[in-house]
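Notes to accompany the following structure.
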Amino acid sequence: MTMAGPVRGYERVEAALVGAGAASLYLGTLARNMGAAHDSIFYMSLVDRHATFFHPHHLLAHWAAHGWCDLWQRVLPDVETMLLVESLNAIAGGAAIGIFYLILRMRLRLDPVSALLGSLLPALSFGVWFYSTAIEVYIIPIAFLLMALYVLTAEMLTLRSFVAAGVTCGLAVLFHQAYALFLPAVILAATARRRTERPGTIGALAAYAVTSGVLVAVPYAIVIYGVLGLRNSGEIGRWITQYAHEGFWLPPGVSTLVHPVVGFARSIVGLHFLMGGTFQSAIRRVFPSKWLDDEAFLVRDVPPLLGYVLLALSIFAAMLCVWLVARRWRAIRPTFERVRPTIIVTLGWLIPFSTFFVFWEPSNVEFWIPQSICVWLLAIALWAEPREGRAALPLAPVAVLASALAVTNYFGSIRGLTSHEHDYNYMKIRPVVEQATEQDLVVIGPSWLTDLYMARYSRARCVASIQMDPGAEPRPALLIKIRESMAATLRRGGRIFLSADAVYLSREAQRWVGADDPGAAVWKEYEGRWRSVSNGVGTYYLIEPASSNPTLGH
């Protein structure tokens, strides 16, 4: 019995409505917190500066965000640029959920209510929800790959199917290079046994390779030769494989099991609420190299009781998933026979992605979003029970599961992410934002993130006393320039906001600058005349010109 058929008009309308609903949810919960996804402030700084930037691993993402922002600023000039860029991801997230709904309707042949409830599972999962509201590069390619998955899981495939898959996969790769890992899914689609005829394997793969190859190669060639001016093959290869040469790989070991589990689990439930309770110290021990102050700050006002309730709800949701699988365990083989193409191609997507990211930044949520979508799709396929040519989910348990995801992720993560007040990095610079003027100078400690936040939100000039870039100016020479800038600022009548993390170095900063740090001598010159300015998160020592400094000491 075939479970797939042609798309009818009303099913397209249903998918469009579901996608619009998901997009509305994401647009209504856009992130005001750029600290949760650390690259957001960097990407936003490029848009603010109208800088053309082509990253080797997500070539067109920044260009597209820049163009989208420029387009809408002509129509909505008063809307903050950050919200405009985030809206692009919100729309892409809605499109991804709409396509997911279409897969449930047309490939798994679910009835409309079951397909709607099933679509809520990825839509309300933390990874899809948050990254559809933030400034990042992961959601747009997922929407393209879901379209490729839809095309390649049709019961009847033609060469046009593989050309269409080549287009969507090529676009996905241009937005994030890692999505080239979808290739095994394409190979399986071209070779797997089907109930109907399919084009020859060689012809199908050639159609895909030519289409996707040209679509990817031409933009890369334009950027490499026309924009960057690279000519040496070694330079080109190193640029294209930039992150492969950096320390993001996790060697095999005990943590090989822990980190991927955490990354995948957090793609379903954000688990930020754990950082506000008694589990925080244990989490810091498991991830000693992770900087977690921003995540703890995000949930600082989540009451301990609510944290325990959300944890219990998360455990309940996990147990509910296990129960749903257990009750249908004997139906695995019939399910596979019923929706063979969908399961085969989905596994061709899931397994390569999972294998790669077990060793590459395995605890990062964003790298497990595609896998979470694949797992939801496979779970729904198993949970669905055939009924007269259609299939239906057990509505009550799935509705409860979706509700648990909504409550846990909103109150445990998303609510805090929608507010500046919960952004540790923003609140750290807020005393400067509120008080500093164009005439003032801000001296911070490490440059990481803080300098970009200062550039975006503060009117004062900011200099970092510790440059985190390995190729940066040596610290002694940098301190000489900072001392001169401080003296010149005071002579002009400006003030100096000296960050506490420049005066009192963290252990990480001490390791970075070495044991014999010359910075202490620079700050000591002013120690007797500064006063503390703090909001409890960011502390600065305000140094005023001598003629306008009525308060001495701390």
Prolate/oblate/rounded label for the range 305-397 (Cα gyration tensor, a/c 1.5)
oblate
Restricting to DSSP H runs of at least four residues, report the calculated mean residue ellipticity at 222 nm for the chain, -39500 (n - 2.57) per run over all residues, nearest 500 deg cm²/dmol.
-18000 deg cm²/dmol
Given 10 as the ceiling on other Cβ atoms within 10 Å, longest exposed-site-free region of the chain for GluC sites (Glu not before Pro) in DSSP loops
1-196
With label points built 7 Å along Cα→Cβ from the Cα atoms of H420 and M156, find their separation and express it in nm.
5.8 nm
First check a/c for the range 252-407, with a ≥ b ≥ c the square roots of the eigenvalues of its C-alpha gyration tensor; if it is under 1.5, answer rounded, and if not, answer prolate when a/b is larger than b/c or oblate otherwise.
oblate
Can you figure out the FRET efficiency of H245 with I351, using R₀ = 41 Å and their beta-carbon distance, to the nearest 0.05?
0.95
Which whole-number percentage describes the relative contact order of the range 263-401, with Cα contacts under 8 Å and a sequence gap of 6 or more?
31 percent
Over the chain, with every protein chain in place, what whole percent of the accessible area is carbon and sulfur at 1.4 Å, could you tell me?
65 percent
Applying the Karplus parametrisation 6.51 cos²θ - 1.76 cosθ + 1.60 with θ = phi - 60° to the phi angles of the range 152-163, what ³J(HN,Hα) value in whole Hz is obtained for each residue in order, glycine and proline being reported as x?
7, 9, 5, 5, 10, 10, 10, 4, 4, 4, 6, 5
Could I have the simple spin-label model distance between D39 and E388, label points 7 Å from Cα toward Cβ, reported in nm to one decimal?
5.0 nm
Antiparallel as a % of all DSSP beta bridges within the chain, to the nearest 5?
60 percent
For the pair V75/A209, report the inter-label distance in nm, with labels modelled 7 Å from Cα in the Cβ direction.
4.2 nm
Skipping prolines and chain starts, which residues have an amide H placed within reach, meaning under 5 Å, of the one on V442, given they are 5 or more residues away or on another chain?
R461, C462, V463, F497
Just to be sure I understand: of the beta bridges DSSP finds with both ends in the range 413-554, what percent are antiparallel, rounded to 5?
50 percent
Using only the Cα atoms, what convex hull volume per residue in Å³ does the chain have?
174 Å³
Förster-model FRET efficiency, 41 Å R0, A406 and A51, C-beta, rounded to 0.05:
0.60
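The values are calculated or read from the model by the stated rules, or taken from the named source; none is laboratory data. Everything numeric here is computed off the predicted structure, so don't read it as measured data. A quick note on method: Cβ atoms are made from the backbone with ideal geometry, for glycine too, and the neighbour counts reach across all protein chains shown. Protein only, heavy atoms only, side chains kept; ligands, DNA and RNA dropped before computing areas. Shrake-Rupley method; radii C 1.70, N 1.55, O 1.52, S 1.80 Å.
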